[in-house]
Amino acid sequence: MMKNIKKMLCAAAIIAAFGMNAFAQQDNPTDDIKARAEVRVLINVTGAQDLEFQNVQVGEAKTVNTRDEVTAGTSSGDEKSGRFDITKGASTDVKVEFTTLPPSLAGPGEATLPINFDGEAFGRLSLTNDPEATGGIDFNPISAINTPNTGSTENFFGATAFSVFLGGTVTPEAEQVVGTYDADVTLTVSYN
């Protein structure tokens, strides 16, 4: 009889264990997740000032840097670096990229004037519209620059506005056609 009681108790324990396990594994037919979105301020890029070489001498290269200085060629005193003004959301990393840097400027008829933007003296980020302002960063406009929250770009990460300056070198030939030359330069800024 004792054997039967032990068997019954053992069977009851097994049934109870399965019952609790089944209770613990009940179906959960619903659950939740969050739908999230971060709304950001639109980025606005404004071409504020054209890159002005002014008068260029035939056969003489002329360089205008990002600080409105003529570092090669003859200065007329009115040369200006190009400037774009940027607005963006605070505490955001953006990519600053010149998506159009022409190899030449178009002039009268079929004439072209070679232009070069390749060099550290030709790109500059500034927290103001003054290229001489403290805290600016020089960069080569041939490559994009990002503004993460680290190192020299930390202040640009936190800013809601900054300016991008562009310089370059034009190289007229000895037989360059006289006239006015120009081409579009495009700056694209996007959130990372």
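Summary of computed values
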| quantity | calculated |
| --- | --- |
| Any hit, the stretch 21-33, residues being surrounded by fewer than 11 Cβ atoms within 10 Å (Cβ to Cβ) and within 27 Å of ALA161 (Cβ to Cβ) | no |
| Every residue from the stretch 52-80 that is outside any loop (DSSP other than H, G, I, E, B), of a type outside the set (Val, Ile, Thr) and either within 19 Å of ASP118 (Cβ to Cβ) or touching a His at 6+ places or on another chain (Cβ under 8 Å) (or both) | LYS62, ALA72 |
| Tally of residues being within 27 Å of the chain's Cα centre (by Cα) and of a type outside the set (D, E, K, R) across the stretch 26-67 | 17 |
| Meets criteria (surrounded by 15 or more Cβ atoms within 10 Å (Cβ to Cβ), aromatic (Phe, Trp, Tyr) and within 25 Å of PHE157 (Cβ to Cβ)) for PHE53 | no |
| Scan of the stretch 68-93 for residues that are within 28 Å of the chain's Cα centre (by Cα), closer than 19 Å to GLU132 by Cα and not basic (Lys, Arg), ordered by number | ASP68, GLU69, VAL70, THR71, GLU79, SER81, GLY82, PHE84, ASP85, ILE86 |
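This table checks each residue for (1) of a type outside the set (D, E, K, R); (2) without any contact (Cβ under 8 Å) to a residue 24 or more places away in the chain.
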site: THR128; (1), (2): yes, no
site: THR134; (1), (2): yes, yes
site: ILE137; (1), (2): yes, yes
site: ASN140; (1), (2): yes, yes
site: ALA144; (1), (2): yes, no
site: THR147; (1), (2): yes, no
site: GLU154; (1), (2): no, yes
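Coordinate-derived values only; no laboratory data. Just so you know, these numbers come straight off a predicted model, no measurement behind them. When we count neighbours, we look across all protein chains shown, and the Cβ atoms used for this are built from the backbone with ideal geometry, even at glycine.
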